[in-house]
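The next block holds one structure in the form of structure tokens; read it before the comments.
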Amino acid sequence: MATISLPALRRLVVAAQGYAARRRRGTTTEVERAITALSCVQLDSISTVERSHRIVLAGRVGAYPRGAVDRLLRRGRVFEYWAHEACLLPAEDWPLFRPAMADGGRSWYASVEQTHPHLAEHVLERVRAEGPLGSRHFEGEAGGEMWAMKPAKAMLVRLWNRGELVVAGRDGFQRLFDLPERVLPRSVLDAPVPSERERLRSLVLKAVRARGALTEQGLVEHWRLKGGTRRIRPMVDDLARDGLLERWSVEDAGPAVLVPAGSTVDPPPVATPVLLSPFDNLLWDRSFTRRAFAFDHVMEIYKRPHERRYGYYVLPFLRGDRIVARVDLKAERAAGELVVRAVHREPGVRGSRALDDALDRALDRLRAAAGLERVRR
């Protein structure tokens, strides 16, 4: 079993993320490739700076057309479903999530199936007849209080959980739902559902390739898999025997990591100044982030103002293979400004001209991705 140092482990993980080395403009095709390379990209509704998935993707491909993800959804190139959380996923992976759909997906709004048992067919009939619809299209519909807006919205989500509807785009950030056969390619819909073993093998391999290195617990966290590490260990062992994955020890004597076969224990340096969404894939396994990066990822979005140490929407600043600061930001869209409220350097990080220049470059890239005109510090 090979042994990797913590600095080399950081370089391996950061390199796998595919952050763009300089500010550039990305294309819709590059956005699709980035989603595939990352395996999934988490969605979140908070827009204090920019929607999380846009920050994540712009960090990989540069500022890209605002309607790119919507076009990919409408064309059936990507789909939304539960992965780490609600995520964008490549369309080719639809069969991997069919078993979850058959089980009803997450339990959100499950009670609407009992309280409004006939609402599902009503919603499906309208979507069949009218095309993509969102919850707002059901407000004030005939049927009175029984079919008021809230139950209809709940049923749309339940039908999406079950795979009977897919997200066919968004109006603002509101989902528009349509029938899978009108959105996804026939080849995807007709693909056989893999066995449980095949499905878990695929998910394990996709996660490790997307993240560069993961512990078994990190694998579970990546997909939020039930059953813990005991469930995936047979598939990990299979993939190692088949020469697709390798287990490496780490010099700190902590849990071993899984890496794609052929990875090097001494990867080259990375030089990517980038501001990370609080929901960036790099940050999903918080125990690993503390271990490898000596960074305790804290989100204070849900704290009261007087309880916050760093700020409401704080983006970790990655420079090379280290997270060197936390930057409290806000987009002032009326003024066209990305406002820097505070910069908190990590312990042991000294201020320098080079650090300031790197942060300026990262801020300018984020400004461009958010469609703002200037940075105000």
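Condition first: open to solvent by 50 Å² or more (accessible area, probe 1.4 Å) and assigned to a helix (DSSP H, G or I). Now tell me which residues in segment 292-312 satisfy that. 305, 306, 307, listed by residue number. If you check 244, 200, 219 for being under 23 Å from residue 282 (Cα atoms) and open to solvent by 20 Å² or more (accessible area, probe 1.4 Å), only one passes: 244. Contact annotation: residue pairs with Cβ atoms under 6 Å, 6 or more positions apart or on different chains, pairing a residue in segment 7-20 that is among the hydroxyl-bearing types (Ser, Thr, Tyr) with a partner that is in a loop (DSSP other than H, G, I, E, B), are 19/272.
Of all residues in segment 88-108, those being under 17 Å from residue 165 (Cβ atoms), out of contact with any Gly (no Cβ under 8 Å at 6 or more places or on another chain) and not in a loop (DSSP other than H, G, I, E, B) number 4.
In segment 256-278, the residues that are closer than 20 Å to residue 6 by Cα reach residues that are in a loop (DSSP other than H, G, I, E, B) and of a type in the set (Gly, Ala, Ser) with C-beta atoms within less than 6 angstrom, at least six apart or across chains, in these pairs: 257/213; 259/213; 261/243; 265/2; 270/320; 271/320; 272/21. Summed over segment 114-140, the residues that are over 21 Å from residue 104 (Cα atoms), open to solvent by 80 Å² or more (accessible area, probe 1.4 Å) and modelled with pLDDT under 95 give a count of 2. For the residues 151, 194, 185, the requirement of being in contact with a Leu (Cβ under 7 Å, 6 or more places away or on another chain), modelled with pLDDT of 95 or more and not basic (Lys, Arg) singles out 194.
Residue-wise test of (1) part of a loop (DSSP other than H, G, I, E, B); (2) farther than 29 Å from residue 365 by Cα.
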| position | (1), (2) |
| --- | --- |
| 236 | no, yes |
| 247 | no, yes |
| 258 | no, yes |
| 265 | yes, yes |
| 269 | yes, no |
| 278 | yes, no |
| 282 | no, no |
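When residues in segment 3-42 are screened for being touching a Lys or Arg at 6+ places or on another chain (Cβ under 9 Å), open to solvent by 20 Å² or more (accessible area, probe 1.4 Å) and of a type in the set (A, V, I, L, M), 3 of them pass. Residue 274 passes every criterion in (1) under 16 Å from the mean Cα position of the chain (by Cα); (2) surrounded by 21 or more Cβ atoms within 10 Å (Cβ to Cβ) apart from (1).
If you go through segment 326-356 and keep only what is touching a Gly at 6+ places or on another chain (Cβ under 9 Å) and in a loop (DSSP other than H, G, I, E, B), you end up with 333, 336.
The values are calculated or read from the model by the stated rules, or taken from the named source; none is laboratory data. The structure displayed is predicted, hence computed values, not measured ones. Please note: Cβ atoms are built from the backbone with ideal geometry, for glycine as well, and neighbour counts cover all protein chains shown. Accessible surface is based on the protein model in full, side chains and every heavy atom, while ligands, DNA and RNA are left aside. Shrake-Rupley method; radii C 1.70, N 1.55, O 1.52, S 1.80 Å.
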